[in-house]
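One structure is given here, and the rest of the page talks about it.
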Amino acid sequence: MGLNVVQKILKDHLMEGELVPGKEIAIRIDQTLYQDATGTMAAMEFEAMGVPQVKTDLSIIYIDHKTIQMGFEDADDHTYLRTFAAKYGAYLSKPGNGICHQVHLERFGKPGKTLLGSDSHTPTGGGIGMVAIGAGGLDVSAAMAGLPFYLTCPKVYGVHLTGELPKWVSAKDVILKLLSILSTKGNVGWVVEYFGPGVKTLDVPSRATITNMGAELGVTFSVFPSDETTRAFLKAQGREQDWVELQADPDAEYDRVIEINLSELEPLVALPHSPDNVVTVREVEGKTVDQVCIGSCTNSSYRDLMVVAKVAKAWVDKYGKGFAPHLDVVVGPGSKQVVRQIDSEGALDYLFEAGIRLEENACGFCIGMGQAPKNEAVSVRTNNRNFYGRSGTLSAGIYLVSPETAVACGLTGVITDPRDLETKYGLEYPKVRIPDEFIIDDKMVLPPAEDPSKVEVYKGPNIVPPEPSEPLPVTLSGEVTIKVGDKITTDHIMPAGQRLKYRSNVPKYAEFVFESVDATFSKRALENKERGIHNLIVGGESYGQGSSREHAALCPMYLGVKAVVAKSIERIHRGNLVNFGILPLYFENPDDYDKIDQGDKVEIPDVRKALIEDTKRLVMKNRTKNIDIPVTFNLSDRERKIVLLGGMLNVAREFGGKSFKEIEIKE
């Protein structure tokens, strides 16, 4: 049997284990990326490992999340990251150079290589044939230190693409269609590989849009083959030497094949408050729109903004007016290269003439850093997530759409199927092709210092190194400090937006854990910790979906959370829980979720012994209701040792330089 693209790359990078789905494997990581919202803590973790220089082929830090610099904390963090990169052998992309995923695709990604990033949308790199994985910062730091990355060998969804996208339908509609099929939950342990004749009809920016939002599926990564289209994109970036052909073998097999005929797709929209709440635009057309935001790492490429600009120009030329006067249209380009390229072709003027607000080349509105809509607003956006409260306005509804649909909504002032721009308003669908040569200027990427010994790493007062957790106790005894429902995201657990400036200061940032769900949680949890009472979190399906932010585990650890018990837990968050010594547990019978409430006193006896003996099963005693609830764990030998020792920071401190096979743990 031949190999698919996923198997080929994993086989080439395999360091431990066998390529058997469901088994733990370890792979070599070629490239890593940090960004400034997760990177400061991750950099401190790298320093704690005592490694003098990064050991990957390339490690790069992007400043793209906190570019507004709402206080000295952000500027201090950026100075810390710049000096850290110079000293330890990483590159640094300065603020204004662009969003990490867009810039990495343009300037650094290589087909057939592996990329590990402390951002959940790192899988964007799959658009050029990389195995690109989002992970917690501690995992990324370990890879920078030369350690392998551990993951469950995945099953592979093969998405067979046929046909060609109709006019006014684009890549965003492809991934929204797949989200409508697979949803945001139930895909842990899977990856997506795209194949079939429809692949060649999609340019690289379109492929990257699709792999970017694979993160919303909850899969580990998504990947396209590397073909002549990939080669042309890299050649236009002056990087043709980085191209390799990478195709699935003719007799390759997949664990499940999903058929998508591109020719049959129509414009789609994800309604509030989940990316899988997908309907056709026709089903909600006519609703008044208050704001349109075009950009984010999903849809801010040259291709996307040129489509928007050309449609806007055609509208202005035909009707003598721009975007609807009652709303704001915000455009956030993905990179400095995108801005310069569209400007060189006059498209920036098209956008200004139509009445846009130009945002910096940064994450911006997608993570709630500015452009919060008004109360009860309808905000149409091209970003990848529409979680409750993520925009900065709790009462607003965020509608996720393609650039085509977004510009149609902006011009008409109501939710509009973009096909109506042609049938009702007489506009032609613009033709956009990728340039033969992009404008290339890497001056805002700083190389490492030639002499690291001369670099002093700057640490301002907001830089507070993380404290290690206590080892797992013999018995967990405490209370259910909070009970939450299904699809709890890392935004629910740890807010972004204006709180981002505290990412380097865990004691301060921990004050805001579950802020939008229960603002009293942090205070109650800390009081329990000080009284020696263990905190437990109870969740429903798909707990911890969304961002890779390890603070959603790190801050609860600081507050004394020792276990999360849920119906299911998403991959990245589960890994972060393990890394910080929090035990991920699952209800053996999902209906038992209803037998436990917030405030119940609980006990899990002999938990340490159970992990050492790998019993797979524990009993949680609900002392308040006098009920025994069976729970399970499914941890590899490596993960059990990490939890028993209280997290990876303790492992690095006590067993630095040893393999996990050499670590012995006693009761």
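The values are calculated or read from the model by the stated rules, or taken from the named source; none is laboratory data. None of the values given here were measured: they were computed from a predicted structure. When we count neighbours, we look across all protein chains shown, and the Cβ atoms used for this are built from the backbone with ideal geometry, even at glycine.
Which one of VAL651, VAL619, VAL602 is part of a helix (DSSP H, G or I), outside the structural domain of LEU147 (by TED's automatic domain parsing) and touching a residue at least 12 places away in the same chain (Cβ under 8 Å)?
Numbers: VAL619 fails: part of a helix (DSSP H, G or I); VAL602 fails: part of a helix (DSSP H, G or I).
Every option except VAL651 fails the conditions.
With the checklist (1) more than 25 Å from GLY189 (Cα to Cα); (2) surrounded by fewer than 24 Cβ atoms within 10 Å (Cβ to Cβ) in hand, flag the one item GLY112 doesn't pass.
(1)
Name the residue that is nearest to GLU283 (Cα to Cα), counting only residues in segment 396-431 that are surrounded by fewer than 18 Cβ atoms within 10 Å (Cβ to Cβ) and touching a Lys or Arg at 6+ places or on another chain (Cβ under 9 Å).
If we filter segment 396-431 for residues that are surrounded by fewer than 18 Cβ atoms within 10 Å (Cβ to Cβ), which is where we start, we get 413-414, 420, 422-426, 428, 430-431.
The next check asks that each one be touching a Lys or Arg at 6+ places or on another chain (Cβ under 9 Å); those that pass are 414, 422, 425-426, 428, 430-431.
Numbers: VAL414: 13, GLU422: 19, TYR425: 20, GLY426: 22, GLU428: 23, PRO430: 25, LYS431: 27 Å.
It comes out as VAL414.
Would you be able to tell me the number of residues in segment 500-523 that are basic (Lys, Arg), assigned to a helix (DSSP H, G or I) and buried (at least 17 other Cβ atoms within 10 Å of the Cβ)?
Summing the residues that are basic (Lys, Arg), assigned to a helix (DSSP H, G or I) and buried (at least 17 other Cβ atoms within 10 Å of the Cβ) in segment 500-523 gives 1.
If you take the residues in segment 168-187 that are touching a strand residue (DSSP E or B) at 6+ places or on another chain (Cβ under 8 Å) and β-branched (Val, Ile, Thr), which one is modelled with the lowest pLDDT?
THR184
Just to be sure, is THR67 hydroxyl-bearing (Ser, Thr, Tyr) and out of contact with any strand residue (DSSP E or B) (no Cβ under 6 Å at 6 or more places or on another chain)? Working first, answer last.
Details: hydroxyl-bearing (Ser, Thr, Tyr): yes; out of contact with any strand residue (DSSP E or B) (no Cβ under 6 Å at 6 or more places or on another chain): yes.
Considered against the rule, which asks whether it is hydroxyl-bearing (Ser, Thr, Tyr) and out of contact with any strand residue (DSSP E or B) (no Cβ under 6 Å at 6 or more places or on another chain), THR67 comes out as yes.
Any residue that is within 26 Å of THR382 (Cβ to Cβ), buried (at least 22 other Cβ atoms within 10 Å of the Cβ) and in contact (Cβ under 8 Å) with a residue 12 or more places away in the chain - is there at least one of those in segment 246-264?
yes
Here is a list of conditions, (1) surrounded by fewer than 19 Cβ atoms within 10 Å (Cβ to Cβ); (2) among the aromatic types (Phe, Trp, Tyr); (3) out of contact with any helix residue (DSSP H, G or I) (no Cβ under 6 Å at 6 or more places or on another chain), and PHE633 meets all of them except one; can you say which number that is?
In the conditions (1) surrounded by fewer than 19 Cβ atoms within 10 Å (Cβ to Cβ); (2) among the aromatic types (Phe, Trp, Tyr); (3) out of contact with any helix residue (DSSP H, G or I) (no Cβ under 6 Å at 6 or more places or on another chain), PHE633 misses (1) alone.
What tally of residues in segment 61-79 results from selecting those that are within 21 Å of ASP442 (Cα to Cα) and either in contact with a Ser or Thr (Cβ under 6 Å, 6 or more places away or on another chain) or part of a helix (DSSP H, G or I) (or both)?
So the answer is 3.
Which fully enclosed strands (runs of 3 or more DSSP E) of segment 13-57 have 3 or more residues being at pLDDT below 95, over 28 Å from MET494 (Cβ atoms) and in contact with a strand residue (DSSP E or B) (Cβ under 6 Å, 6 or more places away or on another chain)? Steps first, please.
Values: elements: 14-16, 24-27, 31-35.
Result: empty, no element qualifies.
Quick one: GLY125 ticks every box in (1) more than 12 Å from SER222 (Cα to Cα); (2) assigned to a helix (DSSP H, G or I) bar one, so which box is it?
Here GLY125 clears every test but (1).
Residues of segment 109-124 being under 15 Å from GLN35 (Cα atoms) and not hydroxyl-bearing (Ser, Thr, Tyr), which ones? Step through it out loud before you land on a result.
Step one: of segment 109-124, the residues under 15 Å from GLN35 (Cα atoms) are 115-124.
Passing the criteria: LEU115, LEU116, GLY117, ASP119, HIS121, PRO123.
Do the conditions hold for VAL578, that is, is it among the hydrophobic types (A, V, I, L, M, F, W, C), closer than 17 Å to THR481 by Cα and within 31 Å of the chain's Cα centre (by Cα)?
Values: among the hydrophobic types (A, V, I, L, M, F, W, C): yes; closer than 17 Å to THR481 by Cα: no; within 31 Å of the chain's Cα centre (by Cα): yes.
Considered against the rule, which asks whether it is among the hydrophobic types (A, V, I, L, M, F, W, C), closer than 17 Å to THR481 by Cα and within 31 Å of the chain's Cα centre (by Cα), VAL578 comes out as no.
So that you can scan it fast, the table gives a plain yes or no per residue for (1) farther than 18 Å from PHE233 by Cα; (2) at pLDDT below 95; (3) out of contact with any strand residue (DSSP E or B) (no Cβ under 7 Å at 6 or more places or on another chain):
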| position | (1), (2), (3) |
| --- | --- |
| PHE72 | yes, yes, yes |
| LYS94 | yes, no, no |
| GLN102 | no, no, no |
| LEU115 | yes, no, no |
| ILE133 | yes, no, no |
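Pick from TYR88, TYR62: which is among the hydroxyl-bearing types (Ser, Thr, Tyr), surrounded by fewer than 24 Cβ atoms within 10 Å (Cβ to Cβ) and modelled with pLDDT of 95 or more?
On the way: TYR62 fails: surrounded by fewer than 24 Cβ atoms within 10 Å (Cβ to Cβ).
Criteria check complete, one pass: TYR88.
Only one of ILE642, ILE604, ILE596 is under 23 Å from GLU550 (Cβ atoms) and either at pLDDT 95 or above or crowded, with 17+ Cβ neighbours inside 10 Å (or both). Can you tell me which? Break it down stepwise before answering.
On the way: ILE604 fails: under 23 Å from GLU550 (Cβ atoms); ILE596 fails: under 23 Å from GLU550 (Cβ atoms).
Answer to the check: ILE642.
For segment 289-320: of the residues being in contact with a helix residue (DSSP H, G or I) (Cβ under 8 Å, 6 or more places away or on another chain) and of a type in the set (Lys, Arg), which is nearest to ALA362 (Cα to Cα)? Walk me through how you get there before you give the answer.
If we filter segment 289-320 for residues that are in contact with a helix residue (DSSP H, G or I) (Cβ under 8 Å, 6 or more places away or on another chain), which is where we start, we get 289, 292-313, 315-316.
Still in the running and of a type in the set (Lys, Arg): 303, 310, 313.
Values: ARG303: 17, LYS310: 23, LYS313: 25 Å.
The qualifying residue nearest to ALA362 (Cα to Cα) is ARG303.
Scanning for something in contact with a Ser or Thr (Cβ under 9 Å, 6 or more places away or on another chain), in the same structural domain as GLN291 (by TED's automatic domain parsing) and modelled with pLDDT under 95, does segment 346-361 turn up at least one residue? Quick ask: steps written out before the conclusion?
In the first step, residues of segment 346-361 are kept if they are in contact with a Ser or Thr (Cβ under 9 Å, 6 or more places away or on another chain); the result is 360-361.
If we keep only those that are in the same structural domain as GLN291 (by TED's automatic domain parsing) too, we end up with 360-361.
Checking which are modelled with pLDDT under 95 leaves us with 360-361.
Yes, the conditions are met somewhere in segment 346-361.
Out of segment 216-231, which residues are of a type in the set (A, V, I, L, M, F, W, C) and either assigned to a loop (DSSP other than H, G, I, E, B) or under 22 Å from PRO333 (Cα atoms) (or both)?
Of segment 216-231, the ones of a type in the set (A, V, I, L, M, F, W, C) are 217, 219, 221, 223-224.
Matches in segment 216-231: VAL219, PHE221, PHE224.
Can you tell me how many residues within segment 3-12 are surrounded by 20 or more Cβ atoms within 10 Å (Cβ to Cβ) and part of a loop (DSSP other than H, G, I, E, B)?
Adding up the residues that qualify gives 1.
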